[in-house]
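Chemist: Have a look at this one before I ask anything.
The values are calculated or read from the model by the stated rules, or taken from the named source; none is laboratory data. This structure is a prediction, so every number in the text was calculated from the model and none was measured. Cβ placement follows ideal geometry from the backbone for every residue including glycine, while neighbour counts extend to all protein chains displayed.
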């Protein structure tokens, strides 16, 4: 089995492509070892001790290294964990754990019903234009709400903590949304 790696705009994050599907639907972001307990693979990656984030996409795994960690030292460890997991056919999640993207009710801001048409346009643009581009960089973006002309988004995977995330939000996503949805005035990360 050959696992390819790709650089991401976030120098702390590498994207690993195992050449097979990782998630059949949705995405999953693990920001702590405790969150990773739901997945044997994420838990094993965190167990290297030098990892601060793991993200599962459709066909990739993004791993974020801790401050001061050199990828030349960490990369072989992550590759071994991934090879062991994918060659063994082990499940991605423990039984009884929530798989896929999980959005708690309190994480969404509760859109105004009068904005339903605007929100539908925003969500469609994010799903069809933004998310595929962000996935190319090893991350994901999740809609959290629209209020008073502001779109609230959560960045995950390689995008979370990326030095260029502000530029992506303002010059890319905000410009796109403003162009197609005149009611959008600004975009903020939450």
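Chemist: Select from the range 39-78 the residues that are surrounded by fewer than 17 Cβ atoms within 10 Å (Cβ to Cβ) and touching a strand residue (DSSP E or B) at 6+ places or on another chain (Cβ under 7 Å) and write down the one among them that is nearest to residue 17 (Cα to Cα).
Modeler: 59
Chemist: Among the strands (runs of 3 or more DSSP E) contained in the range 4-84, which hold 3 or more residues that are out of contact with any helix residue (DSSP H, G or I) (no Cβ under 6 Å at 6 or more places or on another chain) and in contact (Cβ under 8 Å) with a residue 12 or more places away in the chain?
Modeler: Filter on the range 4-84 gives 4-7, 13-17, 51-56, 61-65.
Chemist: Being part of a helix (DSSP H, G or I), touching a helix residue (DSSP H, G or I) at 6+ places or on another chain (Cβ under 9 Å), surrounded by 14 or more Cβ atoms within 10 Å (Cβ to Cβ) and assigned by TED's automatic domain parsing to the domain that holds residue 120 is the requirement here; does residue 172 meet it?
Modeler: When the stated conditions are applied, residue 172 passes them.
Chemist: Suppose we filter the range 128-147 for residues that are without any contact (Cβ under 8 Å) to a residue 24 or more places away in the chain and over 23 Å from residue 63 (Cα atoms); how many remain?
Modeler: 1
Chemist: Oh, and also: Out of the residues in the range 137-153 that are modelled with pLDDT under 90 and part of a strand (DSSP E or B), which is surrounded by the fewest Cβ atoms within 10 Å (Cβ to Cβ)?
Modeler: Looking at residues that are modelled with pLDDT under 90 and part of a strand (DSSP E or B), I get 142.
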